[in-house]
1. Once amide H atoms are placed 1.01 Å from N in the peptide plane, what residues at a sequence separation of 5 or more from Thr251, or on another chain, have their amide H within under 5 Å of its amide H?
2. Using the Karplus equation 6.51 cos²θ - 1.76 cosθ + 1.60 (θ = phi - 60°), what ³J(HN,Hα) coupling, rounded to whole Hz, does each residue of the range 226-240 give in order, writing x for Gly and Pro?
3. Counting DSSP beta bridges in the chain, what percent are antiparallel, to the nearest 5?
4. Per the Cauchy relation, a quarter of the hull surface: what is the mean projected area of the convex hull of the alpha carbons in the range 425-525, in nm²?
5. What ratio of Cα Rg to 2.2 N^0.38 Å holds for the range 24-67?
6. What percent of all Cα-Cα pairs in the chain falls in each 10 Å bin, counting up from 0?
7. Under 5 Å between amide hydrogens, which residues at least 5 positions from Val683 or on another chain qualify, with H placed 1.01 Å from N in the peptide plane?
8. Normalised by the number of residues in the range 152-226, what is the relative contact order in percent for Cα pairs under 8 Å and 6+ residues apart?
Amino acid sequence: MNRFLTTALLIVAAFTASAKDYTLSTPNNTLILSAEEGQTLYFRYYGSRAEVADIAATGRMVKYNAYPAFGTNCSAPYAALVKQSNGDNSSKLVVEKSQLTTTDHLTTLSVWLKDVAHSNLSIKVNYSAYDDCDIIKMNAEYFNNGKKPIVLQKYMSAVMPIQSDNCVLLQLEGTIKDEVNESIIPLPAGQHNISTTTGSRVAHYANASFMLGLDGRLEEQSCPVIAGTVVWMGNSHIEFYNTPAVQGVPTLVMGGINPSASDYTLAGKSSLTTPEMVFTYATNGKGEATRSLHRWARRHQLLHGTKTREVLLNSWEGVHFDTREENMTDMTRDFAALGGEMFVVDDGWFGNNPPRDNGKTTLGDWDICKKKLPNGIRPLIDLAHNNGMKFGIWIEPEMVNLDSELYRKHPEWVLRHPDFEPTYGRGGGQLLLDLTNPQVQDFVFGVVDNLLTAYPDIYYIKWDNNMTLNNAHSLYLPTELQSNLYVDFALSLEKILKRIRAKYPEVVIQLCASGGGRLNYGFMPYFQEMWTSDQTDAYHRILIQWGAMNFYPSNMLAAHVGSAYSKYTQRLIPIKFRFDVASMCRLGMEMVPSKLNEAEREYAARAIAEYKVIRPVVQQGELYRLVSPYEGKRDFSSLMYVNEDKDRAVLFAYRHLYKYAMSNVIIRLQGLNPDAKYTIREVAPEVAGKPVAISGKTISGRTLMNEGIVIPELVKGYTKNAALGDVRAGNDFRSVILELTEVK
Ligand code: DGJ
């Protein structure tokens, strides 16, 4: 049963005591604003769901300028800074009118603010609340009603005053093969920023998301938390102010487009809509905040977010550019024999002048490589189908190499300054195409359109992007609009994606940016999943997947089993651990299956079959984090998923490195029905028919949650499993997956 259905009926967004106080509520959150005509728009409250009178009585209401502009209180943080054509950059915003609208699951308050100093400027700020998940979102629309251009120098989406002077911040940082590391720090005094600056692979280095624990702690199951994320394909910026003296509330968060190098010239009679910034408030810790974001993502933001995703084999880590027909054919057959559901040909399948044999050439020439695939890709598609599988293919359509037919024909299509040598990307010869150029937009659309027209039975596309926007100069935009580029690049990409989705609403498209470089919800209305990381070391991936899942749900995150030896960390990790780590998200494989020995093949087939059994819970269940790999001794981690009815759950437990005589951890489960009894079953034990001791036991949800379990096998120094060869000789990397099924 959907436990939000009943509450959803109670959701109202209504005029309250004062006709100009607006209350927007989700099932468990409330936002209050005052919008008196001719006055400043005031933010009053955001927190747990509450009656206005109660909140007023508690003294928890604030009266903070909900959308401050530079000009009236210049030392305080401002959301808007607009330069008029005569150079005046002061504004005073007052409410002109306000309006409530309700569409499916969403109630929106729109408030039009007019600049009393400049009649040409008005800003519409929008606040929306969902009735089926605890998410509110904010954004702003800037209108230049005059004839002359104006320049938006700061144009934030959201302003969130917080009545706590003791916040603890969770943020993510990382880079290629080391994405989204979680760090938790006291919110620094003064100003702190999370800014993304790379223009295209916008989630490398920083992620435009945060969580704040409000009472001096940020815990999993208790303490109030506000989490937020900027939903934008371009550079984002979140500002935190921890300086009550300046701003009148202890803490302030603002977020939206990164204004750095992005003065946006808005022509007369035109407008710019800023991206949405999404927030959730949780009374019971960051676990609840995560689940609210995941629920929203699956239902409202991630394309086809409630559909089951296939187990696939991607050719990249197995053969890299060597996508010869023979290799592809073998991999397809071998993966089908393991129970695979899709084969994806990665980079290397295209180009003839020269063929794409390495990362230095040929991007832009999307014709099939005759040398490697003399019979084209039709036989590969048919072979996949004949083996009961689907077929997918890789592209990197926003890019070009100097050594390509495309560049020779259209050198003017790239982003670069005309007067000096650009900074090149991968291989020293890669450049980003100038997506602001309509001809380039047609070309990029055509890459997808041509493929899907020629092969309508391509089920899946991997859309890669391996270059940052290093050369922020457009040969298409006029000089005076160059600082619009970061924003216009993102808007142009969105335009292309909308066009693709209008024609191809169903094709599954995975987003990739050298791994998880585009982990941002702004992309996700157009993509069904994201390649989380190129990191093939399963232990390393626990940290990455854990970091990502603070904000992004398991079914959005692709996780593939690589070979035993990870060339990126030079660690050997046994096959069971590798499968158990990848199985916490959307499972796939990325290796040459024929290189597995017989015992490993047997294990892989069993693990894939078992994943299909637990998949509905893993891909759609609610996430509960039990033991963090980032905390404590860091030698264990554990998490679980529980389905909506709480009658099925799947628990993942990992012991990382081995230490002699190490003690076990108690894993206290969460999210179960305390009154239900659950039978436990080990999923895909290392040796078939020999599960861990707890498998087969029936225990109440209450005891599982209050007392927890220990899995002694996890701390044992194992005897060698000869069948799995040298990889099994070490004691590191033990893992167990348990399925819990309610006894009815
Ligand atoms: C970077 C991606 O992250 C990899 O998975 C792979 O697709 C390569 N690009 C191909 O060049």
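Since every read-out is calculated from the coordinates, none of them should be taken as a lab result. If you're wondering where the values come from, they're calculated on a predicted model, not measured in any experiment. Methodologically, a virtual Cβ is constructed for each residue, glycine included, from the backbone with ideal geometry; neighbour enumeration extends over all protein chains shown.
1. So Thr251 has HN proximity to Ile162, Ser164.
2. Using θ = phi - 60°, the values come out as 10, 10, x, 8, 8, 9, 7, 7, x, 6, 10, 8, 10, 10, 10 Hz.
3. Looking only at bridges with both residues in the chain, the antiparallel portion is about 85 percent.
4. The number I arrive at for the range 425-525 is 7.1 nm².
5. Rg over 2.2 N^0.38 Å, computed on Cα atoms: 1.15.
6. 3, 14, 23, 25, 19, 12, 4, 0
7. Ile737, Leu738, Glu739
8. 32 percent
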